[in-house]
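Beneath this line is the structure, given in structure tokens, with notes to follow.
The values are calculated or read from the model by the stated rules, or taken from the named source; none is laboratory data. Not measured: the values here are computed from a predicted model. Cβ placement follows ideal geometry from the backbone for every residue including glycine, while neighbour counts extend to all protein chains displayed.
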Amino acid sequence: MTALTVVAYNVLFGDAILVCIPEREGRKTVMRHVLVDVGNVLAGPGSGSGVFRSVIEDIERRLDKQPIDLYVMTHEHMDHVQGLLRARTDGVRLPPIDYAWLTASAGKDYYERFPEAARKRSLHLAAYNRVKRIALQRNLLGAAAVSSFLKNNDPRKTDDCVSFLRSLARRKTSYVHRKFKPVAGTNFSFREAKFSVWAPEHDTSSYYGRRRPVMRKSRGLKAPAGVDPAAFEALVEFSHTGLGDEMLAIDRAANNTSVVFLIEWRGWRLLFTGDAELKSWKTMEQKKQLQPVHFIKVGHHASHNGTPDEDLLEQILPRKRPDSRPRSALVSTCKDTYNGVPDEGTLSRLERRVDTLYRTHDVPPGKPVEISFEEMK
Amino acid sequence: MKRRSPKIVKGVLIPVLIQDPAVAVETEARSITHPVVVKDSKGFSAGPACRRVAIVDLDFHTGKLRAPAELDPKARPYPNIGMYRAPIPTKKGAASMPWTRNSERGIDVGQLGFMTLDDPFMKVSVFGTVLRTLGLVQNPAVLGREIPWAFPGEQLLVVPRAGDLDNAFYHRDSRSLQFYYGATSSGQTVYSGLSQDIVAHETAHAIIDGIAPNLYDASSPESLAIHEGLADLTAGLLSMRNRELTHKPGDRRMDLKIFQQSSRFSRIAEEFGRWRGHGTSLRDICNTKTMDPKGRQDRRVDSSSPHSASEVLSGLLFQVFRSLFARMPDDPAAWRKMSKQEASNFEAMRYRVAYASDRTLGLAYRGLDWLPPGDASFADLTLAMLAADQEFFPRDARTRKQLREEATSRGISVSDSTSRFVSQVEVPLSPAAEQKFLAQHREALEIPSGADVRMTVRLTHIYEPPPIPRTTSESFDLTPDMKRWVSAKTENYLIKLAWEQHETNDLEGWGTARSYRTGSTIVVAPDGRVRTVLHNRNAALSTRSRSRFLRRVLSGQRVTPMIGPDGTPLERGLRAELREGTLSITGAMQALHVAADIE
């Protein structure tokens, strides 16, 4: 086989991507495999753990008794991390994995080494708990998007999955960031394909946004004596707003720690972006990482904030193409899980820059979309 | 028996914290608290609260109000002046109020102790600083009028400890100033409400919004930088009024040198700035920053960033302050007001600071008062300052010359293209007269045909402000007493006209044109004589920097309302509307501060 194949599964709202890479070893060609994430959300139309069994079985078939050479966990969200643990709990035998790359902040001692990130993380967890209490108080837990958001960001559930993923690799688990150097035989097994990590930064503290706390509603809160009641009402009303923004800020922090990596193989350049959002894209630009690619796994399930603005996108998918190779993009998403995801405007922007836009939801749940990259002379 | 209603306390003595606690230990100031006496005919109540400002100690984390600071029924430091029961927390425990009549002892540096979240002193101190800032701008030497807020109602609410966040902001819709706090990586808690600079800066935003409300919705970074620059200048000049900081024990003189270099007076929000990783402070008004993109690297600013560009304006006005401070003895009007006794002692220095500070703030705020509505550049503000100053201080050409030269040296192009306008108009004092005025002068004012025009006409006074304050003690009324300075003879009318202007939009995906607000100011004597005409000019640089600023703030945004997971629209502050290919922007000021992550 002379084609690199990206196999993206419809796992509803989540990611599960297998990359099959032929590599020359002497006169022989061997197939090596990278598995990127496996997971989906825990509530709403994008949820359903039943898909993982068929996904793992399909992966097993494609591996043809070989191990997964590299497993990449892009970031700590349930729609990216829960699938393998869930499948094993359901009695599915997982294929062996040689090497694993987990995002840097998933390291056990990470927050001991990065105190500012630890400080922000603790604020972030407090914000999560506060948002959960307010959602309960406002009777929002029944709303699919709120429930999905809360479960997807649940730190305890995520920790269980990450803890499991840390111990998956037979050879070595590495915690990767922009300065991480892949070395064949040390932290991955590829000889011909070149891997480079564009994000995240090792110190993740800059990925945490600044949000004012949203106030829970208190009964009997009245303007104190001497205070203009109308002004007080305006203040209290303002303090109750911003719940959606705070939820997205919590979500964004983990998304921005996504491992963004490039695979270069026989002239093809394939970019896997996890759920990196604008802050991460801007940092990648500042660090001069951005360069043209032929394939992009569209970030954050094609939400409006997972794909960079036009000036940055131009650096990745320039209108004036540097070569004649076809370009494609892959969207791994499920409608009606979150408001406005996938974002039609984002899809149109991408369609203007690529030849083919693949969507996982064009195939039935558990089934894959295959994208081939033939060797070109 | 008829119950007697409690006596209204019409004045209070308020201790205010004048230096960031962490920074205070590094300085040699006499005290880090300062007494201020504020009066208002409607009185003061628990909270603290008064007609213009009320402290609302609302905890956003718990949704509960903390107990208000109560007035102390027994405390009468001066006749008819009350006090709040707010002992100052010191390392040895709560200190009794340090001021009694004839005693102005403060709290020594290093004495200040741990401040708990429900400490009444913080409420009182924030209240005092907000009122002090308001008093500074309203005083006869600066604007000489009571400044209304930009929102309905008379009262600005102040939340001194809103929650855990490294931020503080003025928010028009909730009629409030909100101060947040947080822990540093070393575990120390930084309260933005304990920083005099931050409280004064945010209060200045509310004041500026009351004077020039159009700037809040402006879309050019220079318009927003006017807000920031004047707010920093106000905070910096307020800190110079603190004699506890300007005078070291045993030192009877205050040297000009202290203002010639970056100092604790010129550095804005030192503790907060360090916490946020901005070096020694958030910004420094003692600077040589320039708008000139070809200027020296270390002098250049990012013209698309309101906070960065603001340093040009604050630096320019601080330079004017320094010159005024240096040449106060040459001003006979100021010098002859001081007695021989005062001139010989260190009080003279306090008069000198007050003289230079009032003159500079007056120059700035009168310019702001006269600034045409809409998007304005530093050049527009400079021209407005020059025009107002010419009317208020016709004999002091030296200050105007310096302002003009300093602006030019900082890359602000102050061109004197005279506007062709009639010399006599009919003052439009009724809706019908406004329509007539507009029909007559629309063309001369270059208002595009079909543009809706909003006109306001306000009575204003042009008078000779006091060169130095009557005393250097800080005692002021929330309604400035202007009887000495204004009369029917000083009456004039300030006519402001605002409309929408269009320019080409180069932001991909956001239409082909965009609108921004602009306008004119006409100052007219009661007999209809036109004294001044000012227009906001949209320079090419403004268009370019507006594009760069909008590109930044619109990053990741869409025209359609964005809905959060909770099903409600996301709070973006900035509102972008696209109608028939034309983009219009509102709420940039709010987005810059409340949404926070833009800069």
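Of all residues being touching a Gly at 6+ places or on another chain (Cβ under 7 Å) and β-branched (Val, Ile, Thr) in the range A:248-297, which is farthest from the other protein chains (Cβ to nearest Cβ)? Just the residue, please.
For the range A:248-297, the residue satisfying everything is A:VAL259.
Return the residues of the range A:322-346 that are at the interface with chain B (Cβ under 10 Å from one of its Cβ atoms), surrounded by fewer than 20 Cβ atoms within 10 Å (Cβ to Cβ) and either of a type in the set (D, E, K, R) or within 17 Å of the chain's Cα centre (by Cα) (or both); say none if nothing qualifies.
Answer for the range A:322-346, where residues must be at the interface with chain B (Cβ under 10 Å from one of its Cβ atoms), surrounded by fewer than 20 Cβ atoms within 10 Å (Cβ to Cβ) and either of a type in the set (D, E, K, R) or within 17 Å of the chain's Cα centre (by Cα) (or both): just A:GLU344.
Within the range B:5-21, which residues are at pLDDT below 85 and of a type in the set (D, E, K, R)?
Matches in the range B:5-21: B:LYS7, B:ASP20.
Which condition number in (1) modelled with pLDDT under 95; (2) of a type outside the set (Phe, Trp, Tyr); (3) in a helix (DSSP H, G or I) is the one that A:MET284 fails?
That leaves (1) as the condition not met.
Of the residues that sit in the range B:39-56 and are more than 22 Å from the chain's Cα centre (by Cα) and at the interface with chain A (Cβ under 8 Å from one of its Cβ atoms), which one is farthest from B:ASP72 (Cα to Cα)?
Ranking the qualifying residues of the range B:39-56, first place goes to B:GLY47.
Please go through (1) in contact with a strand residue (DSSP E or B) (Cβ under 7 Å, 6 or more places away or on another chain); (2) under 22 Å from A:SER332 (Cα atoms) for A:LEU84 and return the number of the only condition it doesn't satisfy.
(1)
I'd like to know if the range A:192-210 contains one or more residues that are in a loop (DSSP other than H, G, I, E, B), away from every other protein chain (no Cβ under 11 Å) and closer than 29 Å to A:PRO326 by Cβ.
Looking through the range A:192-210, at least one residue is in a loop (DSSP other than H, G, I, E, B), away from every other protein chain (no Cβ under 11 Å) and closer than 29 Å to A:PRO326 by Cβ.
Can you name every residue in the range B:115-167 that is within 13 Å of another protein chain (Cβ to nearest Cβ), more than 20 Å from the chain's Cα centre (by Cα) and of a type in the set (Phe, Trp, Tyr)?
The answer is none; no residue qualifies.
Criterion first (more than 24 Å from A:THR5 (Cα to Cα) and assigned to a loop (DSSP other than H, G, I, E, B)) does A:PHE180 satisfy it?
It is true that A:PHE180 is more than 24 Å from A:THR5 (Cα to Cα) and assigned to a loop (DSSP other than H, G, I, E, B).
Is one or more of the residues making up the range A:133-141 touching a helix residue (DSSP H, G or I) at 6+ places or on another chain (Cβ under 8 Å) and away from chain B (no Cβ under 14 Å)?
There is no residue in the range A:133-141 that is touching a helix residue (DSSP H, G or I) at 6+ places or on another chain (Cβ under 8 Å) and away from chain B (no Cβ under 14 Å).
Just the residues that are in contact (Cβ under 8 Å) with a residue 40 or more places away in the chain and out of contact with any helix residue (DSSP H, G or I) (no Cβ under 9 Å at 6 or more places or on another chain), please, taken from the range B:41-62.
Across the range B:41-62, the qualifying residues are B:SER41, B:ARG51, B:ASP59.
Does the range B:356-375 hold any residues that are assigned to a helix (DSSP H, G or I) and acidic (Asp, Glu), and which are they?
Correct list: B:ASP358, B:ASP369.
Suppose the filter is over 16 Å from A:ALA100 (Cα atoms) and more than 20 Å from the chain's Cα centre (by Cα); does A:ALA184 pass it?
no
Please specify each residue of the range B:263-311 satisfying the condition of being part of a strand (DSSP E or B) and either over 17 Å from the mean Cα position of the chain (by Cα) or hydrophobic (A, V, I, L, M, F, W, C) (or both).
B:ILE268, B:THR290, B:ARG300
Given the conditions (1) under 25 Å from B:TYR463 (Cβ atoms); (2) in contact (Cβ under 8 Å) with a residue 40 or more places away in the chain; (3) more than 25 Å from the chain's Cα centre (by Cα), and given that B:THR532 satisfies all but one, which numbered condition is not satisfied?
Result: B:THR532 fails condition (3) only.
Among the numbered criteria (1) touching a Gly at 6+ places or on another chain (Cβ under 9 Å); (2) within 21 Å of B:PRO565 (Cβ to Cβ), which single criterion is violated by A:ASN153?
Result: A:ASN153 passes all but (1).
Please state which one of A:LEU312, A:LEU278, A:LEU248 is surrounded by fewer than 18 Cβ atoms within 10 Å (Cβ to Cβ), hydrophobic (A, V, I, L, M, F, W, C) and closer than 24 Å to A:GLU201 by Cβ.
That would be A:LEU312, the only listed residue that is surrounded by fewer than 18 Cβ atoms within 10 Å (Cβ to Cβ), hydrophobic (A, V, I, L, M, F, W, C) and closer than 24 Å to A:GLU201 by Cβ.
Could you tell me which of the residues B:ARG537, B:ARG514 is among the basic types (Lys, Arg) and closer than 30 Å to A:GLU310 by Cβ?
Of the residues listed, the single one that is among the basic types (Lys, Arg) and closer than 30 Å to A:GLU310 by Cβ is B:ARG514.
Tell me which residues, restricted to the range A:160-202, are under 30 Å from B:ARG276 (Cβ atoms) and either touching a Gly at 6+ places or on another chain (Cβ under 7 Å) or surrounded by fewer than 15 Cβ atoms within 10 Å (Cβ to Cβ) (or both).
A:TYR175, A:LYS179
Just the residues that are without any contact (Cβ under 8 Å) to a residue 24 or more places away in the chain and of a type in the set (Ser, Thr, Tyr), please, taken from the range A:316-354.
A:SER324, A:SER348
Do we find that B:GLU446 is free of Cβ contacts under 8 Å to residues at least 60 places away in the same chain and either in contact with a Pro (Cβ under 9 Å, 6 or more places away or on another chain) or part of a loop (DSSP other than H, G, I, E, B) (or both) in this structure?
Against the criterion (free of Cβ contacts under 8 Å to residues at least 60 places away in the same chain and either in contact with a Pro (Cβ under 9 Å, 6 or more places away or on another chain) or part of a loop (DSSP other than H, G, I, E, B) (or both)), B:GLU446 does not qualify.
Can you tell me which residue in the range B:197-219 is surrounded by the fewest Cβ atoms within 10 Å (Cβ to Cβ), limited to those that are of a type in the set (S, T, N, Q) and at pLDDT 90 or above?
Filtering first and then ranking leaves B:ASN214.
Which condition number in (1) in contact (Cβ under 8 Å) with a residue 60 or more places away in the chain; (2) surrounded by 23 or more Cβ atoms within 10 Å (Cβ to Cβ); (3) not β-branched (Val, Ile, Thr) is the one that B:SER304 fails?
(2)
Criterion first (farther than 30 Å from A:TYR207 by Cα, away from chain B (no Cβ under 14 Å), under 20 Å from the mean Cα position of the chain (by Cα) and surrounded by fewer than 19 Cβ atoms within 10 Å (Cβ to Cβ)) does A:GLU375 satisfy it?
No: the conditions fail for A:GLU375.
Take the conditions free of Cβ contacts under 8 Å to residues at least 12 places away in the same chain and within 14 Å of chain A (Cβ to nearest Cβ) and apply them to B:GLY182. Does it pass?
no
Does at least one position in the range B:470-477 carry a residue that is in contact with a strand residue (DSSP E or B) (Cβ under 9 Å, 6 or more places away or on another chain), among the β-branched types (Val, Ile, Thr) and surrounded by 15 or more Cβ atoms within 10 Å (Cβ to Cβ)?
Looking through the range B:470-477, none of the residues is in contact with a strand residue (DSSP E or B) (Cβ under 9 Å, 6 or more places away or on another chain), among the β-branched types (Val, Ile, Thr) and surrounded by 15 or more Cβ atoms within 10 Å (Cβ to Cβ).
If you check A:PHE238 against the conditions, is it in contact with a His (Cβ under 9 Å, 6 or more places away or on another chain), at the interface with chain B (Cβ under 9 Å from one of its Cβ atoms) and free of Cβ contacts under 8 Å to residues at least 24 places away in the same chain?
Yes, satisfied.
Which residues, taken from the range B:539-575, are modelled with pLDDT of 70 or more, over 33 Å from the mean Cα position of the chain (by Cα) and surrounded by fewer than 19 Cβ atoms within 10 Å (Cβ to Cβ)?
B:ILE563, B:GLY567, B:THR568
Can you tell me which of (1) farther than 18 Å from B:ILE32 by Cβ; (2) part of a helix (DSSP H, G or I); (3) at pLDDT 85 or above is the one B:LEU238 doesn't meet?
(1) is the only condition that B:LEU238 fails.
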